[in-house]
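Asks: Pasting a structure here, questions to come.
The values are calculated or read from the model by the stated rules, or taken from the named source; none is laboratory data. All of these numbers come straight from a predicted model, not from anything done at the bench. Using ideal geometry, Cβ is built from the backbone for each residue, glycine included, and neighbour counts are taken over all protein chains shown.
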Amino acid sequence: MNEYNFAYLDEQTKRMIRRAILKGLAIPGYQVPFASREMPMPYGWGTGGVQVSAATLTPEDIFKVIDQGADDTTNAISIRKFFQKVTGIKVTDKTIDATVIQTRHRIPETSLTEDQILVYQVPIPEPLRFLEPYETETRKMHALEEYGLMYVKLYEDISRHGAIATSYAYPVKVEGRYVMDPSPIPKFDNPKMEMAAIQIFGAGREQRIYALPPYTQVVSLDFDDYPFEASKADHVCDICGSSDTYLDEVIVDDQGGRIFVCSDTDFCAAQQSAALESSE
Amino acid sequence: MAEAALKGGFENPPIDSARAFRRITNAMARPGKIETLVGATPPPPMSVAAGTVLLTLCDPDTSLALLETLNNQEIRDWVTFHTGAPIVSAQRADFVFGAWDNVRPFQTYKTGEAQYPDRSATLVIEWEELKNRGAHLQGPGIKDIAFLNLPSVQPFVENAALFPLGIDFLFCSDDQIAGLPRSTKVSESS
Amino acid sequence: MYVAVKGGEKAIDNAHAWLSEKRRGDKAIAEIGVGQIREQLTLAVNRVMAEGSLYDPDLASLAIKQSHGDLIEAIFLIRAYRTTLARFGKTRPIETTNMACIRRISATFKDAPGGQILGPTFDYTHRLLDFTLAADSETSVVESQDMSDAQMLPRITDYLNQEGLIQQEIQTGDEPGDLTREPLQLPAQRDLRLQSLTRGDEGFILGMAYSTQRGYGRNHPFVGELRVGGVVVEMEIPELGFSIEIGEIEVTECETVNQFTGSKSDPPQFTRGYGLVFGHSERKSISMALVDRALRWAELGEDNVGVPAQDEEFVLYHSDNIQATGFLEHIKLPHYVDFQSELELIRKLRCEAEIPSRDEEES
């Protein structure tokens with residue numbers, strides 16, 4: 001009774017997820033419905049990503065899990081431990097060593113390669129959901145390629161705030177066809193989505209899987225006179241000195257003093273050790 | 001049911017199918033890329049690669065069609081014993097297995113619905129050999145351009161024109177596989 | 001120098017250790033047994049089986065023990081366990097007409113063949129705390145008098161059916177869907193709606209049903225019949241060519257008789273709502289029947305008056321407490337990357353609007 005199948009899920013469930021992944025790859029940006037199962041972690045805590053990883057991992061894989069860019073955040077640890085227990089595979093903190101990376105809210109700073117797969121945890125896969133709550137309606141909009149509502153929303157932002165007031169989960173258009181939610185990554189990460197690795201998105205509670213094959217065209221929605229801007233804090237990392245990474249702001253004393261550090265902890269550590277080596 | 005039907009399955013299903021799925025994923029995500037795919041030994045004339053696709057993706061929840069040369073009693077028994085997948089007509093099938101000479105016209109197969117383009121057939125086509133030359137492939141999964149010795153070009157151009165509807169292809173030859181999803185734009189070699 | 005926060009792994013281990021200590025409580029008090037939960041907290045066990053979608057009193061009792069009595073947590077444990085079970089086949093539909101009833105009441109007729117059987121009910125108890133139960137020693141149990149054996153009884157609504165006064169449910173012979181195996185597709189048919197309701201959170205379904213009674217889609221329900229008892233579960237074995245009994249389960253079934261409708265083509269008739277739940281669970285099955293009836297507006301040619309209980313997407317997408325609690329509680333997880341991007345944006349927008357920062361105001 002204590003022995004679970006490789007990667008927890010039974011084979012029939014894995015096949016169902018695998019078929020959805022393949023259709024997702026064949027129709028980039030389209031949300032494939034799948035019969036998500038209850039996993040041993042709560043819905044909203046990465047069950048979609050966990051199911052995709054479970055259907056994807058092989059015994060030879062080296063697995064990395066990040067949450068907010070960091071390997072040692074509690075939920076990343078919990079998911080990594082789960083897979084160690086149910087697959088026995090190797091795990092790593094190092095982006096370059098990993099073959100499968102499961103992420104919540106970030107894309108690693110290190111460019112991914114053709115031999116890697118990036119699995120995203122997605123809370124609300126429908127980019128139109130907060131504009132139109134009914135699934136029956138949003139499905140029609142995708143079928144008809146009717147995305148006027150989204151542009152109206154972005155335009156209203158501009159007329160109200162002078163800028164598009166979306167800073168994360170910034171919608172993208174895939175290969176000129178489907179508008180897609182990139183999961184709640186900061187918009188700083190959006191340009192990285194045209195990458196060499198395979199990207200698979202899993203939304204467990206909402207029962208959707210979607211995917212981007214390598215080098216798929218991914219364009220952040222914008223207007224000619226208000227072009228998309230991948231913004232970040234206007235600082236350098238106070239630990240490694242990087243100027244082109246996404247930064248977290250940390251309050252360090254009672255006076256509200258703050259510093260800025262890389263959200264990608266593996267990248268930051270690599271920069272530090274590189275700096276150390278060159279100074280020796 | 002002949003004894004042969006009981007043989008040729010995965011030795012260790014969770015592991016063999018995980019490895020096979022990675023190869024199939026790579027093939028579908030990188031059109032034209034030729035991958036080695038092993039694990040199953042189906043009755044002839046089905047190739048090792050096609051048999052491995054079948055065991056990796058098909059089960060009682062998927063319908064499949066076996067066309068002409070692949071529609072023999074040994075293969076049908078093998079499919080039923082190892083997967084329990086219902087064998088149906090080509091028009092209704094989620095997965096269609098056939099040799100190139102038997103799979104056309106593509107209009108026969110499910111191409112999905114406007115709201116559910118994923119409800120479309122996947123064609124697993126037996127082809128004499130797979131080489132990275134010939135037809136030009138462009139689109140998602142391809143950096144600049146890829147090449148694959150497709151048996152023909154026009155039917156794939158027509159299928160891609162249906163996007164986001166359409167069917168997706170896996171070409172198999174012995175233990176090799178290459179993918180061609182509907183998103184790939186195919187043109188003649190110049 | 002600032003060092004990034006680490007040590008999450010150790011913190012998790014410690015939290016788990018503390019949790020297990022909390023579960024056990026004071027060691028001077030005897031540990032509760034799974035058997036005690038199964039036998040003495042049966043209604044909690046029933047709820048966990050119903051919303052966990054797995055009929056196994058022993059596992060449900062274990063889940064209740066492990067979850068410290070948090071029933072939604074227990075349901076979650078059962079659901080996650082259910083995921084790992086291979087499906088060998090499906091049973092024949094249970095036949096509730098052949099139910100061995102321990103309770104059967106109708107609010108629509110004073111008496112009917114088979115009579116009103118109260119059975120074990122809280123209905124007419126006075127809700128006064130019984131301090132004799134507080135004693136740790138074995139409590140005396142009042143033996144029930146005249147407890148007749150469970151019996152098979154005719155269905156009340158069949159009498160209305162004989163006169164053609166109640167709308168006929170059409171047997172389609174269609175294979176019912178299963179939302180645990182297929183992703184929910186909307187609009188859903190009644191089979192999937194009923195499945196969703198029977199698995200749904202009791203509190204949510206109760207709230208939805210109550211809202212119809214208070215005028216948000218009123219459908220004038222009478223409890224035509226409420227029956228509780230055991231039914232036989234049979235499975236067809238293809239190799240044998242006939243079905244065999246594989247067990248017995250307890251269920252609660254409620255059929256409501258609702259306000260008549262009529263149209264140009266159909267004469268006025270009563271209509272029905274239907275509830276069926278694992279275990280003895282009256283509140284849930286009646287609630288289910290009311291919500292089922294409310295969701296049938298289109299099929300019965302009624303107006304959509306725009307109330308929550310008529311809104312299939314609203315009801316089906318929000319009834320599952322495991323989905324709801326997971327997503328609700330996930331906001332405890334770190335969101336500092338997204339928050340940071342919001343911080344940057346709001347600073348930028350304020351800067352562009354030339355709102356002075358507090359420091360500047362003060363100086």
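Asks: Can you tell me which residue within segment B:21-71, out of those that are over 26 Å from residue B:89 (Cα atoms), within 9 Å of chain A (Cβ to nearest Cβ) and more than 13 Å from the chain's Cα centre (by Cα), is surrounded by the fewest Cβ atoms within 10 Å (Cβ to Cβ)?
Replies: Only one residue fits best here, namely B:22.
Asks: Please indicate, with yes or no, whether at least one residue in segment B:139-151 is touching a strand residue (DSSP E or B) at 6+ places or on another chain (Cβ under 8 Å), of a type in the set (A, V, I, L, M) and surrounded by fewer than 22 Cβ atoms within 10 Å (Cβ to Cβ).
Replies: Scanning segment B:139-151, I find at least one residue that is touching a strand residue (DSSP E or B) at 6+ places or on another chain (Cβ under 8 Å), of a type in the set (A, V, I, L, M) and surrounded by fewer than 22 Cβ atoms within 10 Å (Cβ to Cβ), so the answer is yes.
Asks: Confirm whether residue C:217 is over 15 Å from residue C:96 (Cβ atoms), without any contact (Cβ under 8 Å) to a residue 60 or more places away in the chain and not assigned by TED's automatic domain parsing to the domain that holds residue C:57.
Replies: Considered against the rule, which asks whether it is over 15 Å from residue C:96 (Cβ atoms), without any contact (Cβ under 8 Å) to a residue 60 or more places away in the chain and not assigned by TED's automatic domain parsing to the domain that holds residue C:57, residue C:217 comes out as no.
Asks: While we're here: Can you tell me which of B:181, B:151, B:155 is within 15 Å of the chain's Cα centre (by Cα) and closer than 30 Å to residue A:139 by Cα?
Replies: Going through B:181, B:151, B:155 in turn, just one is within 15 Å of the chain's Cα centre (by Cα) and closer than 30 Å to residue A:139 by Cα: B:181.
Asks: Follow-up question, since we're still on this one. Might you let me know whether segment A:136-143 holds any residue that is outside any loop (DSSP other than H, G, I, E, B), among the aliphatic types (A, V, I, L, M), within 13 Å of chain B (Cβ to nearest Cβ) and more than 22 Å from residue A:35 (Cβ to Cβ)?
Replies: yes
Asks: Can you find a residue that is buried (at least 24 other Cβ atoms within 10 Å of the Cβ), farther than 28 Å from residue C:333 by Cα, in contact with an Asp or Glu (Cβ under 9 Å, 6 or more places away or on another chain) and modelled with pLDDT of 95 or more anywhere in segment A:28-37?
Replies: yes
Asks: Turning to a different aspect of this structure: State which residue is nearest to the other protein chains (Cβ to nearest Cβ) when the search covers only segment A:145-168 and only residues that are assigned to a helix (DSSP H, G or I) and of a type in the set (Gly, Ala, Ser).
Replies: Residues of segment A:145-168 that are assigned to a helix (DSSP H, G or I), as a first pass: A:148-161.
Those left that are additionally of a type in the set (Gly, Ala, Ser): A:148, A:159.
Working: A:148: 18, A:159: 13 Å.
Taking the candidates together, the pick is A:159.
Asks: Going through segment A:181-200 one residue at a time, which ones are closer than 25 Å to residue A:244 by Cβ, assigned to a strand (DSSP E or B) and either acidic (Asp, Glu) or in contact with a Leu (Cβ under 8 Å, 6 or more places away or on another chain) (or both)?
Replies: Hits for segment A:181-200 are A:198, A:199.
Asks: Looking only at segment A:156-194, filter to residues that are touching a residue at least 12 places away in the same chain (Cβ under 8 Å) and among the polar types (S, T, N, Q); which one of those is surrounded by the most Cβ atoms within 10 Å (Cβ to Cβ)?
Replies: Among residues in segment A:156-194 that are touching a residue at least 12 places away in the same chain (Cβ under 8 Å) and among the polar types (S, T, N, Q), the one surrounded by the most Cβ atoms within 10 Å (Cβ to Cβ) is A:183.
Asks: Which one is farthest from residue C:258 (Cα to Cα) among residues in segment C:68-114 that are surrounded by fewer than 16 Cβ atoms within 10 Å (Cβ to Cβ) and of a type in the set (D, E, K, R)?
Replies: C:87
Asks: When only residues in segment C:321-340 that are closer than 14 Å to residue A:75 by Cβ and more than 7 Å from chain A (Cβ to nearest Cβ) count, which is farthest from the chain's Cα centre (by Cα)?
Replies: This residue is C:335.
Asks: Within segment C:291-335, how many residues turn out to be assigned to a helix (DSSP H, G or I), charged (D, E, K, R) and farther than 19 Å from residue C:199 by Cα?
Replies: Residues of segment C:291-335 that are assigned to a helix (DSSP H, G or I), as a first pass: C:291-295, C:308-310, C:312-318, C:321-332.
Adding the requirement that they be charged (D, E, K, R) leaves C:292-293, C:312-313, C:329, C:332.
Filter once more, keeping what is farther than 19 Å from residue C:199 by Cα: C:329, C:332.
Residues flagged as assigned to a helix (DSSP H, G or I), charged (D, E, K, R) and farther than 19 Å from residue C:199 by Cα within segment C:291-335 amount to 2.
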